[in-house]
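The numbers here are math on the coordinates, done by the rules we state, and not lab data. Computed from a predicted model, the values in this text were never measured in an experiment. Glycine also receives a Cβ, built like all others from the backbone with ideal geometry; neighbour counts cover every protein chain displayed.
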């Protein structure tokens, strides 16, 4: 139960890190400082929709990070 409780207490940080790792794998490159604002925007949208993994993937795949860089 310890890990689950810890993750639930830090949903936003976990979501942001998961987005970053997903985009690193999907794009094949490390994220830069200029990617931070878009990652934060995606994280806010995922949080507002209930922290769903499907929403995270969809929003990350629609991002400029995924398509342009």
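Of note:
- Reported label for calculated log10 I(q)/I(0) by the Debye sum over Cα atoms at q = 0.11, 0.19, 0.26, 0.28 Å⁻¹ given (i) -0.33, -0.93, -1.27, -1.31; (ii) -0.25, -0.70, -1.16, -1.29; (iii) -0.27, -0.79, -1.30, -1.40: (ii)
- Ascending count of other beta-carbon atoms within 10 Å, so fewest first, for 12, 35: 12, 35
- Rounded tilt (10° steps) of 36-48 against the dominant C-alpha axis of the chain: 40 degrees
- Which of 1, 61 has the fewest Cβ neighbours within 10 Å, and the rest in rising order: 1, 61
- Take every pair of alpha-carbon atoms less than 8 Å apart whose residues are at least six positions apart; their mean separation over the length of segment 2-68 yields a relative contact order of 36 percent.
- Computed over the chain with a Gaussian network model linking Cα atoms closer than 10 Å, the most mobile of 33, 22, 53 is 33.
- FRET efficiency for the pair residue 13 and residue 57, taken as 1/(1 + (r/R0)^6) with r the Cβ-Cβ distance and R0 = 25 Å, rounds to 0.85.
- Ellipticity estimate at 222 nm from DSSP helix runs (n ≥ 4, -39,500 (n - 2.57)) divided over the chain, nearest 500: -23000 deg cm²/dmol
- Cβ-Cβ distance of residue 25 and residue 4, R₀ of 25 Å, FRET efficiency by 1/(1 + (r/R0)^6): the value works out to about 0.55.
- Taking other C-beta atoms within 10 Å as the exposure proxy, 63, 48 rank 48, 63 from fewest upward.
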